[in-house]
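Presented below is the structure to which this report refers.
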Ligand code: M6R
């Protein structure tokens, strides 16, 4: 049932191009984006003036990707909050608030409690889940199913990409109804989004540099992931994946915050994993990499093919195909999933079933 792969995690990582394609299938009809399941009229959608994304763990990171897109494209304020926090505070909810609950399993206790609380207080709640008929699907006003199929490894990989793709569609839909993006722009973005499936395939073909990077840091006791903008979200997910399955302590920080504390951690050989895709502030990330290198860090950089310059400052460069910043979380997360797995294997960890963790967290 592992389909010839040594573990479920690797099998599921390799399923990601298919998940992207299946999650997108049928969403562009006559040049317009369609999400019928949302069950809100275009008029109701136009009125939405605030979005909360509530989730836990990796699903929360998918929410952070959504924030950048919803605010960037639809120009609607979007907050992303751990369901365990949201449920216990008096969040600002009005009838024009859309709450988006993201949960692979559809049964995470805190996410469910947050959904119930939001509905009682009058919000429209939209679920994004991977499990048909799950409690999240039943309790939300509408649901998009990610087409990841059953995910067995505890570490969420293919579900994460399915969530990002679904949330990207939602952001495009909101931009469409708000009239913030023209139809031809939406069409182009949709096509670029679809092409991330091939880009992920390309990343999966050659993992030799990821293996080299793993060799460099698996004996460390701690690692720092840095990035800016979308790169910061990618860093957060990379750090979670690493600590979850390899037990190597990892922390993610916005690269621009380094001088406000974390740079003190850096000494000879300290691993800094830097997300350096070509976002709008790529140059700033490069400076942060140089600052880390100057203090002795072992820099593993995630960069775009063709970026030769970065080799001067990084000990290892993991290259990915060039990608628009708005879609970089889809592609750049994949090598970090693989890096976490390689490090876990070097440390003889069970990558599918890490200690202390359950696939579904159905208790608070
Ligand atoms: O099923 P959910 O998406 O609600 O689960 C949320 C988290 O428990 C989950 O993403 C967890 O963080 C993963 N094990 C991370 O890989």
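Bear in mind these aren't lab numbers, they're just calculated from the coordinates by the rules spelled out. The structure displayed is predicted, hence computed values, not measured ones. As a convention, Cβ positions derive from the backbone with ideal geometry for all residues, glycine included, and neighbour counts pool all protein chains shown.
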Highest to lowest packing among 126-134, 266-274, scored as the average C-beta count within 10 Å: 126-134, 266-274
Length gained when the stretch residue 284-residue 30 is fully extended (0.36 nm per residue, less Cα-Cα span): 87.3 nm
Additional length obtainable on full extension of the chain from residue 294 to residue 347, 0.36 nm per residue less Cα span: 16.2 nm
Between helix 282-294 and the chain: long-axis angle, C-alpha atoms, 0 to 90°, nearest 10: 40 degrees
Acute angle (nearest 10 degrees) that the helix 158-178 long axis makes with the longest principal axis of the chain, alpha-carbon atoms: 50 degrees
Between 0 and 90°, nearest 10: helix 109-120 axis offset from the chain longest Cα axis: 30 degrees
Sites residue 357 and residue 220 - FRET efficiency at Förster radius 22 Å, r taken between beta-carbons, to 0.05: 0.50
Alpha-carbon centroids, segment 98-126 and segment 325-364: separation in whole Å: 25 Å
Of all DSSP beta bridges in the chain, antiparallel share, percent nearest 5: 5 percent
Radius of gyration, Dmax [the chain; alpha carbons; angstrom]: 19.7, 58
Full-stretch length increase - residue 308, residue 185 - with 0.36 nm per residue and alpha-carbon distance subtracted: 41.2 nm
Two-site label geometry, residue 21 and residue 257: point separation in nm, points 7 Å out along Cα→Cβ: 3.9 nm
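Could you put 298, 202 in order, starting from the residue whose Cβ has the fewest other Cβ atoms within 10 Å?
202, 298
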Modelled FRET efficiency - R0 30 Å, residue 46 with residue 88, Cβ distances, 0.05 increments: 0.45
Expected 222 nm ellipticity per residue - DSSP helices of 4 or more, -39500 (n - 2.57), all of the chain, to 500: -13500 deg cm²/dmol
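Based on the alpha-carbon gyration tensor of segment 1-125, what equivalent-ellipsoid semi-axes (square roots of 5 times the eigenvalues) come out, in whole Å, largest first?
On the way: eigenvalues 159, 88, 31 Å².
Over the Cα atoms of segment 1-125, the semi-axes work out to 28, 21, 12 Å.
Of all alpha-carbon pairs in segment 140-208, indicate the percentage at a distance above 17 angstrom. Please report the intermediate quantities before stating the final value.
Values: 1317 of 2346 pairs.
Summing the P(r) of segment 140-208 above 17 Å gives 56 percent of all pairs.
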